[in-house]
1. Could we say that B:Gln213 is more than 8 Å from every other protein chain (Cβ to nearest Cβ) and either surrounded by fewer than 20 Cβ atoms within 10 Å (Cβ to Cβ) or more than 29 Å from A:Ala195 (Cβ to Cβ) (or both) here?
2. Can you report the number of residues in the stretch A:64-80 which are within 14 Å of chain B (Cβ to nearest Cβ) and surrounded by 21 or more Cβ atoms within 10 Å (Cβ to Cβ)?
3. Identify, please: which residue in the stretch A:271-299 is open to solvent by 70 Å² or more (accessible area, probe 1.4 Å) and part of a loop (DSSP other than H, G, I, E, B) and is, among those, farthest from A:Leu376 (Cα to Cα)?
4. Quick check on B:Thr216: is it under 30 Å from B:Gly91 (Cβ atoms), modelled with pLDDT under 90 and assigned to a helix (DSSP H, G or I)?
5. State which residue is farthest from the chain's Cα centre (by Cα) when the search covers only the stretch B:54-66 and only residues that are surrounded by fewer than 24 Cβ atoms within 10 Å (Cβ to Cβ) and part of a helix (DSSP H, G or I).
6. Tell me yes or no: at least one residue of the stretch B:35-50 is under 28 Å from B:Met169 (Cα atoms), within 12 Å of chain A (Cβ to nearest Cβ) and not in a helix (DSSP H, G or I).
7. Here are some conditions: (1) within 11 Å of chain B (Cβ to nearest Cβ); (2) outside any strand (DSSP E or B); (3) within 16 Å of the ligand (Cβ to nearest atom). A:Asn108 meets all but one. Which one does it not meet?
8. Does A:Arg213 meet the test of being part of a helix (DSSP H, G or I) and either open to solvent by 40 Å² or more (accessible area, probe 1.4 Å) or assigned by TED's automatic domain parsing to the domain that holds A:Thr97 (or both)?
Amino acid sequence: MKTHFKTWLLALIGLTVLSGLPMSSAQAHGEKALEPFIRMRTIQWYDVQWSTQKFNVDDEVSVSGKFHVAEDWPISVPKPEASFLNISTPGPVLIRTERYLNGKPWVNSVALQPGGDYEFKVVLKGRLPGRYHIHPFFNLKDAGQVMGPGAWLEIGGAASDFSNTIKTISGEAIDMESFGLSNGIFWHLFWGLLAAAWLIWWVCRPLFISRYRMLEAGLEHELVTKNDKLIAKLILVGVPVLVLVLNEITANRYPDAIPLQAGLDQILPLPAQVNAGTVNVDTLKAEYNVAQRSMVLQVKVDNRSQSPVRIGEFSTSNVHFLNPALSLSGVMTGDNDITSPGLSIDDDKPIEPGEQRVVTLIARDAAWESEKLDGLIRDADSRIGGLLFLYDELLGQRYISSISAAVIPKFS
Amino acid sequence: MSAHIPVSTFKPYRGEKARLARAYDYLILVLALFLFIGSFHLHFALTVGDWDFWVDWKDRQWWPLVTPLIGITFPAAVQAVLWDKFRLPLGATLCVTALLLGTWVTRVFAYHYWNYFPINMVLPATMLPGALVLDALLMLTNSLTITSIFGGAAFALLFYPSNWPIFGMFHQPVEYANSQLTVADLFGFQYIRTGMPEYLRIIERGTLRTYGQYATPLSAFCSALLCSLMYPLWWHIGKWFASTRYLTKI
Ligand SMILES: [Cu+2]
């Protein structure tokens, strides 16, 4: 009997715990879950970098980068009117201490403008030691999570090294890890003991069968005694009075308490970084060759800059196809990014200033399949999006253009 | 001593019979406790959910409206059985105690140890003062109508003030990132919740907002009205449940 009871107890505790599980752990890695056209044509990440990938608990680390909000935003995805740059972690193993968008402090969600360019920086602080795969990503309201590139972070040290003290406006320093905890436990115990006393007061006497029989026998008046009534009256008056008095005391103790804040941040895009006008790229046609796992893009490049440019990279959904003819060592980003030398160009001579040229790019890599981007050709919206990086090797300039076109599948 | 049935015919259990009845009491109590811990807690987690989980969801508008409204359901149903059949005025207190036990276990194990959130970020709210008043009122009046109207209202109205001593301090303002936040908001920003960006919080939305400073009392009165309707509804659900299932055998 006793052992059975213990198993039951454990099972029930287990169930109780499970029933209240927060969702965060299950959703940590949804990088390939969204349809490819959403991953390619919403937030287009580039230049994402971690300040360090090996650090200790209580040390700060930052991730910074840029993103272009596709102008060819899919019609089936709600516009990014409330967007939140988040970090995929298995729970708060790091805390977020600062976040900036275009250099401005950024706490709440923000409305992003399709076609806009942004740069971000998130400062984090190690809280629990371990090795974690972490991505910056965007929560887009009503649309889902668009993942940025991932990286392995190794947090050393001990969990006890962590501290998180902040200052209220009145100047009081508070420890976020324990603030209000003992107070909260105190009030739960306080009311819990009163409730327990009331329960025990009743549970001490014979309960169900005998009370049921007495009630049936018409002995109702014996079931509730004078003392019971007295205590009930005390509760009826005393509890509300006590609640109001305690509430008043708290209100006086924290006179400048404010409601939870619910505003959106208002941050405008940077001056155009992508499609800035100096080198224009127009996508003429896109074909996906299923057998070769290659995307064939026909683009018209119009070089209005002062010096020749070459096409160096095509990137989409954190997959980077590099032109091996250029030495682009600085392009590498997070270690989960897929970087492939699979970009070839039919006419790779530098495009001269003032020249307009139609070129065919072939981005070929198994990543189209492994990253589940090839599902595009079977989807309701089969337009591709991405960024094309052109380099001026003389001046060390980089020009970025966005690519967007409907994709036609080729099966041979 | 003016009952309809002659008192002389009633013989209380003695000896072995009394001991068995007592053992039965405890069995039922323990089973009921776990049943309520499981079912009420699940019901609460699925409905009130985030409002009760997170300190930065406990706003002045939706939290005091939704929580008592859902919180009064099981207490009403259990009171209907325990008072009607046994004249035991402890249904509400028992339910809310069970709920809190389940909630605390979850917060400590699932939120703190498993998902690393500090416990102060996921402190539960209490509804015990309202539950005590509900039990006392039912006992003194023995009336469904009066308990619905005044008990339901008290349950809703007492909710916010009885929790302010726990959560008031989390509403102190902090200057952060060139803006004013509460300590609670800061928890939401610092302690990363992957699945829950700040825009998902349902706070300060809807027409109640136009009443500015009076948002909380208005929400509480609105909740009081709804609780007065919710109470009899769940009372009848409780009675139906008891009459058709469990008590036919006694
Ligand atoms: Cu990852």
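1. yes
2. Adding up the residues that qualify gives 1.
3. By that ranking, first place goes to A:Pro271.
4. For B:Thr216, the condition - under 30 Å from B:Gly91 (Cβ atoms), modelled with pLDDT under 90 and assigned to a helix (DSSP H, G or I) - is met.
5. B:Trp57
6. Yes, the conditions are met somewhere in the stretch B:35-50.
7. (3) is the only condition that A:Asn108 fails.
8. Here the answer is yes, as A:Arg213 does meet what is asked.
The values are calculated or read from the model by the stated rules, or taken from the named source; none is laboratory data. If you're wondering where the values come from, they're calculated on a predicted model, not measured in any experiment. Counting neighbours? That spans all protein chains shown, and the Cβs are built from the backbone with ideal geometry, glycine included. The protein model used for the area step is the full one, side chains on, heavy atoms only, and it has no ligands, DNA or RNA in it. Shrake-Rupley method; radii C 1.70, N 1.55, O 1.52, S 1.80 Å.
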